[in-house]
Amino acid sequence: METTLEKVLKVFKTPVPELFGRKHDAIADLTETCKTVLDLGIALGLGALASPIAPIVSAGLPFVWISTRLLKRFHDKREQDRTLGDCVKIASTLAYLKSLEKLLEKTDFWTPLSVKNVSETLQQQAENLENFQLTEDQAEEVIVCFHESELAKAFNQLLSNNLQQAGINQNEAEIVTERVSRNTHRYLNQSLAEAGNAVKTLAQLYRDGWRKELEKYESIEEYLQEIAAKPKEKVFAEEFTFRDIYVPLKAKPVDQKGDVDKKAAAFDLESWAKGILNTSQNQDNVMFIQGGPGRGKSVFCRMFADWVRQNLHPIWTPVLILLRDIPQLQSSFRQTLREAVKPDFAASDDGWLTDRNTRYLFLLDGFDELLMQGRTSGGLEEFMSEVGQFQLDCQQCKDMGHRVLITGRALALHSIEPDMPHNLERVEIQPMDYQLQQQWFTKWSAQFGEGTTSAFQQFLQDSRCPDRVRELAEEPLLLYLLAAMHIDGELTVEMFEGASSIRAKILIYQKSLQWVLIKQRPKTLNRQLTKMETDGLARILSEAALCVVQSGGECAALQMVEERIQDNGNAATLIQQARERWGDDALKNALAAFYLQPTAGDKGGSVEFAHKSFSEFLFAQRLKESLEEWTEPGRKGEEFIVKNDQMAWKIYDLLGYGGLTPEIVEYLMELLTANQQFQALQLFKRLENFYLRWCDGEFIDIPVDIPEGTLPQKKTRQLQKQGIQLGQRQVDVYAGLNVMILLLELNPTFRTHNCHTSAKGDGRVQMN
């Protein structure tokens, strides 16, 4: 069944002589049709008389009868008197009406509103709009950028007033009006190109341009479907989605020095971001959201991008970019955007950022995960400077107007804090307070029932539950982890008795690792794992964590992981068995556990940890195993199983990648001291021996005629093969400095074991 709009378009596309040469006056028929629709209280054939959006739909009716009367006027003029303004005005009216219709088709948030008679004021505005005369310059302005034209202002005023009369508040009416106005350009060229003989010359001018425009808008629509799918993705191996358990977050302002205003009241993060987008003030500021691991930055980005898609597009078109997926920064931020945004609307259009009809909201997630060459602070500083300048350019250039929202961990900014751009509107995500936790528990209850949820809440409130565990429960990701383990009986108050803060956190991670390997995996394998398989999977995860940490982000190439596990019997056997079952996807399937997932946009070539802190813990556990191995006594007169030369290579292999983070060191030292059999003195002496040899340049100054090269060269080749750009001098420096960190950290440990240290004259640290 034809809608009223389709009838209008059919009339408009009919050649004028044919239209008015008919026996029956088609315009009169159309006018009568519109009058009937108006009397019924519906328009455009979109709904029944009882439709709750009928008052909103009726807002489009003035544009229907205005277009019919404009057509009549167009026909009445002699051909030589018909102007560009006449053609553009008719096409614009139809395009505006089409834009309104399309918005109403996908709008699901209208509430029933009262139907009111059109006021005399609105009738007068409609008549004024009908008589609005477009000069040739104004007509060209409409074609170039409709929403900035004088005609658009007149259309918007009429529609906004009509919506408000129907019962919508002024703010919502203005948002709807701007969405209609900004999307009109999409249909304007289509109207001009399809106008037929009535405006033959104009149609010929814009037909090819319209086709390119159509392809661009179709590409944007396809991309927005990807944005729409983000909140619907499953939470790891669960049956529910991120939307099912997501709750809004709270934040506090951060000053120019990077200090959080702790005295300020926490505010809703989403409302803050929405307010910035809906105001014309401070458009030169970058929206800057920082927060610790697990605070919900990435989930916020996907949820907010979808909200913008539903409620503000095309005022703002959301573009979500995971910065860790950018392999290399380009010469400018604009080129970096071009490289990061793969859809055709960016890839095939050199002027996509200067099209006044399209305005983007770029959500850049994870500035701390940029895989920059050498991962130097200078690279991050330059990137942040370019982002700040880009936002200034957008505010100053009328052809742009985009906004940037960027998220990441504040820890990555410490070295460049004084040089951060001045135009940052900066906030920090706060831990989930009691109110937000209760909202989360309500959503969790909808998935698992009130009894299960209540039992978990009682666990958190138990006096035996460490404060550190309750602190972890203030992070959205770890709150989920704790709740899931509690359901499976892997989390009890008894396991935390007497545990320190860091020990409690390690217990959580150790339990989660056991939970994944034993509880989660059989659901996939349909059988109980043997100890060899469990050990093999644990080693695979440890090597994956090492690869992730050495890669500098949250993901690592599967090839890099597989190469590292070849020397471990259990892990290599497990992968071989998996390859016989799954083929080339063996490692990917073996890693398909709770906290590991394919990298976004990747075809299976890399994996990422869902929580960066968990990869740091696993890497610390991997280091602990090696450090303990270096103190194991040898056989047949050998002092140690791992000889000095073997140990030197292992140090470069494990530590020659970058600086150990405080989190990794904290985990490592707690894990070591928890082992009562740990030979601290022997480890210190062996590390000191390496350190002194390193200070003498022994490892980097080995003669170059050795076929395999120096140890720094060997590690450098290994890293560069995986795309990690570190030079041998950097590898050598990091290996020595990380050993020095371990030596310094070991001293307090030895004091607790009744050991003593003293400095010798040559500067060496001596253990007594």
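Quick notes on this one:
- Label-point gap, in nm, between GLU270 and ASP696 - each point 7 angstrom along Cα→Cβ: 6.5 nm
- Calculated FRET efficiency, ASP261 to TRP649, Cβ-Cβ distance, R0 = 45 Å: about 0.35 to the nearest 0.05.
- Applying 1/(1 + (r/R0)^6) with R0 = 45 Å to the Cβ-Cβ distance of MET740 and THR573 gives a FRET efficiency near 0.75.
- Other-chain or far-sequence residues with amide H under 5 Å of ASP462's (modelled H): none
- The candidates THR317, THR573, arranged from most to least accessible area with a 1.4 Å probe in the full protein assembly, appear as THR573, THR317.
- Counting Lys and Arg as +1 and Asp and Glu as -1 over every other residue whose Cβ lies under 10 Å from the Cβ of GLU670, the net charge comes to +2.
- Rough spin-label spacing in nm, given labels placed 7 Å along Cα→Cβ, for GLU222 and GLU238: 3.3 nm
- Potential extension, LYS685-ASN423 segment - 0.36 nm per residue separation minus Cα distance: 89.2 nm
- Sum of side-chain charges, GLY275 neighbourhood, beta-carbon under 11 Å (Lys, Arg +1; Asp, Glu -1): -2
- Cross-link pairs beyond the 19 Å C-alpha cut-off, checked among LYS102/LYS342; LYS650/LYS714; LYS257/LYS297: LYS102/LYS342; LYS257/LYS297
- Ranked by the mean number of other Cβ atoms within 10 Å of their residues, highest first, the peptides 237-244, 92-99, 639-646 come out as 92-99, 237-244, 639-646.
- Accessible area per residue (1.4 Å probe, heavy atoms of protein chains only) ranks ARG464, ARG564 as ARG464, ARG564, with the largest value leading.
- Spin-label pair PHE448/GLU150, simplified geometry with 7 Å Cα→Cβ offset, distance in nm: 6.5 nm
- Formal net charge of residues neighbouring GLN389 (Cβ-Cβ distance under 11 Å; K, R +1; D, E -1): -3
- One Cα centroid belongs to segment 406-440, the other to segment 323-362; the line between them spans 25 Å.
The values are calculated or read from the model by the stated rules, or taken from the named source; none is laboratory data. All values reported here derive from a predicted model rather than from experimental measurement. Cβ atoms come from the backbone with ideal geometry, glycine included; neighbour counts cover every protein chain shown. Heads up: the accessible areas ignore ligands, DNA and RNA and are worked out on the full protein's heavy atoms, side chains in. Shrake-Rupley method; radii C 1.70, N 1.55, O 1.52, S 1.80 Å.
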